[in-house]
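Comments concern the structure below.
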Amino acid sequence: MNRLFITALVVLLFLAACTGPEANEPPGPRIVYGLSLMPSGFDPHINASAELGIPLRSVYDTLVYRDPITGEFVPGLASHWEMSPDGLSYTFYLREDVHFHDGTPFNANAVAVNLDRITAPETGSQKARFMLGPISGYEVIDAYTIKLNFTEPYAPLLDSLSQVYLGIASPAQLAQYDNATYQFHQVGTGPYRMVEYVPGDRLVLTRNEDYLWGPSFYVAPEHPIQTIEFRFFEDPPTRALALESGDAQIMGEIQPIDAQLLAGNPNLRLYPVPIPGQPLQFLMNTRRFPTDSHTVRQALIYATNRAAIVDAVFQRFSPVAYGPLSQVTDFYTPDVAGYYPYDPGQAQSLLFTAGFTETNEDGILVIPTGPAEGTETPALTPTAEPVTAGVPLEVTAIVPPWGLTPQVAQILQSQWRTIGIDLRIRQVAGFSQLREAAQSGDYNLISLNFFGKDPDVLAQFFMTDAPLNWTGYSDFELDTYLSEGARQPDPATRESMYAAAQIRIMEQALILPIRDYINLNGTTATIQNVQFDSQGWFPLLYNFSILTPGDGN
Amino acid sequence: MLRFMRQRLLSTLLTIWATVTLAFFALRVIPGDAITNQLLQGGATEAEIAAHRAALNLDSPLWNQYLGYLGGLLQGDLGRSLLSRQPVNVLIAEQFGATIALALSALGTALLLGLGLGTIEALFWPRRVGRLANALSIVALSTPIYWTGTLAIYFFSTALGILPATGSGDLRHLILPAAVLGFHASGGIARITRASLRHVLEAGFVRTAYAKGLSKWQVLHRHVLRAGLPPVLAVIALQAGFLLGGTVITEILFVRRGIGQLLQSAVLEQDYPVVQGIVVLSAIIYSLVNALADVLYGALDPRVNTDLQA
Amino acid sequence: MTEPDSVHRLLRRPHRQRRHYHAPLAVIMIIVLITLLAPALAPYDPRHAVSGGYLLPPSAEHIFGTDTLGRDVLSRTLWGGRQTLSTALLATAITIIPGLLIGAVSGFTGHWVDRAMMAAMDTLLAFPNLLLALVIIALIGTGANQVALSVGMAGLPAFARVARAAVLDARHRLYVQAAWAIGAPPHRVLIHHILPNIMETLLSFAAVSLSWALLNGTALFFLGFGGDPSIPDWGVMLNEGRAAFRVAPWIALPPGMTITLTVFAVNRIADSWQDALNGR
């Protein structure tokens, strides 16, 4: 009896001791790249996280690429392409000199196999499928030509195709492994090969010496990095520490408070990279008192000293955001900058107009019992709670734990308190609780933002029937701007549509934008040519160079 | 003995069934699931989400899903993660080693420290050494693990730079978390060791042993520890549960891979099959550890053994 | 396995002695007093962030310095006890009231009631304490009351087990047998004969429960499950202080030390009571 348990103990100990042998890798410089989050899955066709793209961007090539400087679409696996006049189909002419890491030749069939996989319902794609928009199918014209067909024109297509989620995987490998196991055996055509992936521990890439078909902005450095080991550093306060101690040579999402330390360290480098998409923002619930009032919404933005927030929470590493898109997003309009500068006086007078003319014993504004003269009656929509006199100006914010949003909310609370707005903060634990809170409708502000170079991201939040329409706002005009923005192939038309949409969103004060997202990357000084792609998150590892070659031998 | 084993097995299975059932229904109190969350963030429409859920059988009646899950469980199949599509067995197996490594090395630390402090306390009370050991063991019980952890990271990683702060790679990554968790768990062990040894020290046979002229150390070795340790072992079994709970926050704090991390993300992302799998694991470990404690207790204390065989 | 053998042994000790728990008791009284007087004692509004005044080191103006957002750390520490202590007390109440009820009924009734109740407790016990609290809070959402509920629930099965053991033990004592013999009704036996005699054991374990509630409760606040982070709380402050520990160690030190001191004092009291039960 006792022996049995001792045996069990020994087995357990043995299990514990097994940390897995290191795989054999060719000699050459080796670095550790710190990822800030551990994705639950690493299959770019299936999973949706940005972190998976940090390594995998260099494992796969995409049909097209975006030049990180100009934002232009440049040839990738497709040497050129054309769109039909009606915008319903795109024909891609593929390179003929490309082969996958496993030797499989790249051709139109390979693209077809990938499209099949991504669009098949049983694949359960969480992002890639939706990046293809209203795709209806494809035609393989010849061995190196493929035509993608759409039921409706879909302007964001090239941007989608330039992202790793639509990277082209080896058909041979896809045939060999199923949807659950392919992520451990990924094979692409990119400048790095995947050596191994140990969930929760590491993902290792090694340089693909055969790589000759990179996009124009891939420039081979003098001292390339042979092997890159991606490890997970999910705890923000210890990320900078790992760089200093040499546990990692590159690290994303350094805490702003540590970035200052890092900038002063001669052995380390700081690379702040702006991320296109939505800024850190609070969506305002237009269906609930008091944010159902346009005037109150405007007042809330006027009452916010964003520069002070950026100063304290982000150590001035971020530009203040004034609109629904960050400055590096396609079709960002600088016109939004005129909306609602910090002006507490203006905020107060707006609140006065909205009926909040008195202050209660706690210093919070209230709508007095008798109607005050010269004030506008607060908007009453059928879905809003009934406005009773004497109700204090109480605003509820739902904040997720990430992105220093709780800190931002606390400063908001302190700022708003001084002019009589009572902000109640409810920090939730994750996306599921955020979604639950949104569904309950019991909020005035809720913070969520997505990233992406193409402004089509706005449609997920501001179209009337969008699943994430958490402002509850419905406007035919805005719907038109957003749907036409996604349909019109002509960039100039798109630009005017999205400019109108951004202005409309700010005119209606649907969001309280705070700051553009800046990814604070840190590296050791030995790493050079540190560059990122147009989406901001993904490093161009091929270009990275390392001083003192032979360091990793 | 056989009857005892059979009862044990039965109660173990019952506990597992009850915990799984509880977890299965409790988890579904919140609407939504991991896949809905992911799809929403990926840009899917409501119709597309509904189609996905249907494909994963998430829209069938709860009883149906429950029976299906139990059926799988009987065959040792814990289902698949909604997010990574990996079999839950595999996900848990991958992380289990790291958690066990942490738990066992922490248990080792806790035992050394706890038995040592407790024995010193029992023997040297009320002298200064005894009081110091007492104070230390209470500090261990009183300091929140995240506070000890923060201080440890600050001293050993930031200031001295001799140990990595977070992560899970080689043995160096294990030292800080194991020490912090072990220190924390040593308090309870010290406490019970002290109580048990003091009790024995007062017992008649110990006085007799002294009277026979045995030296203090001989008495300690032959009589006191022999008689005083069984209750300590029982508490260590309780500590094992405590340690597993402690590994969760330790893993989160030191960002170590392991069951704790897996559980935290699965709970927050509503990846039900993974949470249920960990519940099953937890129930199994709990039952095993308790059975182990009973058996060890019996082996070391003959009275209990006869009781069992009766 | 049921409860540790030591519990039985504790209970078999008939004589009691006063022990020195005056010092820890005084510490707790002082902490509670400070917490109650926080509005009068705190030099600043604990939620007011001074623009540009963040990360100020300790000075005459801010004795403990300011935090990452520019709030006075001393004021937040003084106020912080309110949420931390009240959450822990609420959690302890959630642990001991149903725990005592379940334990007493279970130990007193015996038979299938006992078995069913203890099976239910075992089901919960199969989750390690903090792990159970984590799962519960993920289900019921964030907030101070939710923290109290999940921490209290997590401590419940252990308390019920201890209460049951104590009741079982007392049931077999002579005076209880005597009460039965003279035909006292069950509830009378329970309330007048059993409960008074196991009070000290229960109190001692209630103190232990309180220390668990403090540790686990602040842990959940530390992990960000407390709902509103602007409400001062020692666990929340520790989390904020941890993020800035290299730059501004003064943020985490006061709440860290205060939690340790409070739990230490509670544990000392629990220890003294236990020693008293042990008769030394």
Could you list all residues from region A:365-383 that are surrounded by fewer than 19 Cβ atoms within 10 Å (Cβ to Cβ) and either at pLDDT 95 or above or among the aliphatic types (A, V, I, L, M) (or both)?
A:372, A:379, A:380
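Having 2 or more residues that are closer than 30 Å to residue B:225 by Cα is the bar; report the helices (runs of 4 or more DSSP H) wholly within region B:37-135 that clear it.
Values: elements: B:46-55, B:62-74, B:88-124.
By residue number, B:88-124.
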Members of region B:146-194 found to be touching a Gly at 6+ places or on another chain (Cβ under 9 Å), hydrophobic (A, V, I, L, M, F, W, C) and surrounded by 22 or more Cβ atoms within 10 Å (Cβ to Cβ), listed by number
B:147, B:176, B:178, B:180, B:181, B:185, B:189, B:190, B:192
Quick check, is residue B:111 more than 23 Å from residue C:140 (Cα to Cα), in the same structural domain as residue B:257 (by TED's automatic domain parsing) and touching a residue at least 40 places away in the same chain (Cβ under 8 Å)?
yes
Region A:98-151, subset at pLDDT 95 or above and of a type in the set (D, E, K, R), residue surrounded by the fewest Cβ atoms within 10 Å (Cβ to Cβ)
A:142
Residue B:8 is checked against (1) surrounded by fewer than 19 Cβ atoms within 10 Å (Cβ to Cβ); (2) part of a helix (DSSP H, G or I); (3) without any contact (Cβ under 8 Å) to a residue 60 or more places away in the chain and fails just one. What number does that condition carry?
(3)
Would you check which residues across region B:271-302 are within 12 Å of chain A (Cβ to nearest Cβ), more than 21 Å from the chain's Cα centre (by Cα) and at pLDDT below 85 and list them?
B:298, B:299, B:300
Residue B:102 fails exactly one of (1) more than 30 Å from residue A:47 (Cβ to Cβ); (2) more than 7 Å from every other protein chain (Cβ to nearest Cβ), namely (1)
Testing residue A:38 on (1) at pLDDT 90 or above; (2) under 17 Å from residue A:184 (Cβ atoms); (3) touching a strand residue (DSSP E or B) at 6+ places or on another chain (Cβ under 9 Å); (4) within 14 Å of chain B (Cβ to nearest Cβ), one condition comes back false. Which one is that?
(1)
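When you check residue B:106 against the structure, is it modelled with pLDDT of 90 or more, closer than 26 Å to residue C:210 by Cα and touching an Asp or Glu at 6+ places or on another chain (Cβ under 8 Å), yes or no? Give the steps one after another, and end with the answer.
Working: modelled with pLDDT of 90 or more: yes; closer than 26 Å to residue C:210 by Cα: yes; touching an Asp or Glu at 6+ places or on another chain (Cβ under 8 Å): no.
Judged against the criteria, residue B:106 is not a match.
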Name, by its number, the condition in (1) in a loop (DSSP other than H, G, I, E, B); (2) in contact (Cβ under 8 Å) with a residue 40 or more places away in the chain that does not hold for residue C:194.
(1)
Step by step: first the residues of region B:1-15, then only those that are among the charged types (D, E, K, R) and under 25 Å from residue B:76 (Cα atoms), then the one that is farthest from the chain's Cα centre (by Cα). Which residue is that?
B:6
From B:33, B:77, B:59, residue being among the acidic types (Asp, Glu) and in contact with a helix residue (DSSP H, G or I) (Cβ under 6 Å, 6 or more places away or on another chain):
B:59
Yes/no for residue B:121 being touching a helix residue (DSSP H, G or I) at 6+ places or on another chain (Cβ under 6 Å) and among the charged types (D, E, K, R):
yes
Mind telling me which of the residues C:211, C:272 ends up being of a type in the set (Gly, Ala, Ser), under 22 Å from residue B:131 (Cα atoms) and either touching a His at 6+ places or on another chain (Cβ under 6 Å) or surrounded by fewer than 22 Cβ atoms within 10 Å (Cβ to Cβ) (or both)?
C:272
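What do you reckon, is residue A:85 at pLDDT below 95, over 26 Å from residue A:276 (Cα atoms) and surrounded by fewer than 17 Cβ atoms within 10 Å (Cβ to Cβ)? Lay out the reasoning, then the answer.
Working: at pLDDT below 95: yes; over 26 Å from residue A:276 (Cα atoms): yes; surrounded by fewer than 17 Cβ atoms within 10 Å (Cβ to Cβ): yes.
Judged against the criteria, residue A:85 is a match.
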Given (1) of a type in the set (D, E, K, R); (2) within 14 Å of chain B (Cβ to nearest Cβ); (3) assigned to a loop (DSSP other than H, G, I, E, B), number of the condition residue C:161 does not satisfy
(3)
For residue B:124, work out the one condition from (1) facing another protein chain (nearest Cβ under 9 Å); (2) among the aromatic types (Phe, Trp, Tyr); (3) free of Cβ contacts under 8 Å to residues at least 12 places away in the same chain; (4) surrounded by fewer than 24 Cβ atoms within 10 Å (Cβ to Cβ) it doesn't fulfil.
(1)
Any idea which of (1) assigned to a helix (DSSP H, G or I); (2) away from chain B (no Cβ under 11 Å); (3) closer than 27 Å to residue C:263 by Cα is the one residue C:221 doesn't satisfy?
(2)
Hey, residue A:406 hits all of (1) surrounded by fewer than 21 Cβ atoms within 10 Å (Cβ to Cβ); (2) more than 14 Å from chain B (Cβ to nearest Cβ) but one; which does it fall short on?
(1)
So which pairs qualify, if the first residue must be in region A:163-181 and touching a residue at least 40 places away in the same chain (Cβ under 8 Å) and surrounded by fewer than 24 Cβ atoms within 10 Å (Cβ to Cβ), the second must be assigned to a loop (DSSP other than H, G, I, E, B) and basic (Lys, Arg), the Cβ gap must be under 6 Å, and the two must be at least 6 apart or on different chains?
A:179/B:85
Any residue that is at pLDDT below 85 and within 11 Å of chain C (Cβ to nearest Cβ) - is there at least one of those in region B:217-228?
yes
Only one of these is of a type in the set (S, T, N, Q) and closer than 28 Å to residue B:250 by Cβ: B:12, B:45, B:36. Name it.
B:12
Out of all the residues in region A:118-169, which are of a type in the set (D, E, K, R) and more than 21 Å from residue A:71 (Cα to Cα)?
A:122, A:127, A:129, A:139, A:142, A:147, A:152
Criterion first (basic (Lys, Arg) and within 9 Å of chain B (Cβ to nearest Cβ)) does residue C:242 satisfy it?
yes
Which number in (1) closer than 29 Å to residue A:94 by Cβ; (2) surrounded by fewer than 19 Cβ atoms within 10 Å (Cβ to Cβ) marks the one condition that residue A:222 misses?
(1)
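Yes/no matrix, rows are residues, columns are (1) touching a Phe, Trp or Tyr at 6+ places or on another chain (Cβ under 8 Å); (2) touching a residue at least 60 places away in the same chain (Cβ under 8 Å); (3) on the phi < 0 side of the Ramachandran plot:
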position	(1), (2), (3)
C:204	yes, yes, yes
C:224	no, yes, no
C:230	no, yes, yes
C:233	yes, yes, yes
C:239	yes, no, yes
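The values are calculated or read from the model by the stated rules, or taken from the named source; none is laboratory data. Being a predicted model, the structure only gives us computed values, none of them experimental. Cβ: placed from backbone, ideal geometry, glycine included. Neighbour counts: every protein chain shown.
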